[in-house]
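Student: I'd like to ask you about the structure that follows.
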């Protein structure tokens, strides 16, 4: 994952999303149906310890105070397939919509080239394969930063300048 837009709050919130997007589906206190029809109750523990949850809340509060309403994520599988996670994110962080833009490879490269040439950057986060992230990083299109809780990752999963993680 990599950050592409330089707005402070957007980058920070995108880092928060990067850290929790995969866990957001586990962040509901509601009874959740499983594929076999049973239900299970999940809680916020999947979002990390109390310090992580407080940091995410701070990022959210900063975004709301700045009047921001969306975070744009580029990647091959960020569209309808992940909508249930975006919906849960919206419940946890109301007022911020996650906009998934299904794009990768040459199309992603062309879009980023256009955005950086025009300085009209729409994307906040690249959630895609390593090749796309390394290409964007080589062009200095990503900003240093890691999601809350990334200190628990093995250093081998983090780019040398902390501009991405895998």
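The values are calculated or read from the model by the stated rules, or taken from the named source; none is laboratory data. The structure presented is a predicted model; accordingly, all values stated were derived computationally and were not measured. Neighbour counts run over all protein chains shown; Cβ positions are idealised from the backbone, glycine included.
Student: Please list, ordered by first then second residue, the pairs with beta carbon atoms under 6 Å, 6 or more apart or interchain, first in the stretch 49-71 and in a helix (DSSP H, G or I), second surrounded by fewer than 16 Cβ atoms within 10 Å (Cβ to Cβ) and at pLDDT 85 or above.
Tutor: 64/95
Student: Of the conditions (1) touching a residue at least 40 places away in the same chain (Cβ under 8 Å); (2) under 16 Å from the mean Cα position of the chain (by Cα); (3) within 25 Å of residue 63 (Cα to Cα); (4) surrounded by fewer than 18 Cβ atoms within 10 Å (Cβ to Cβ), residue 79 clears all except one; give me its number.
Tutor: Among (1) touching a residue at least 40 places away in the same chain (Cβ under 8 Å); (2) under 16 Å from the mean Cα position of the chain (by Cα); (3) within 25 Å of residue 63 (Cα to Cα); (4) surrounded by fewer than 18 Cβ atoms within 10 Å (Cβ to Cβ), the lone unmet condition for residue 79 is (1).
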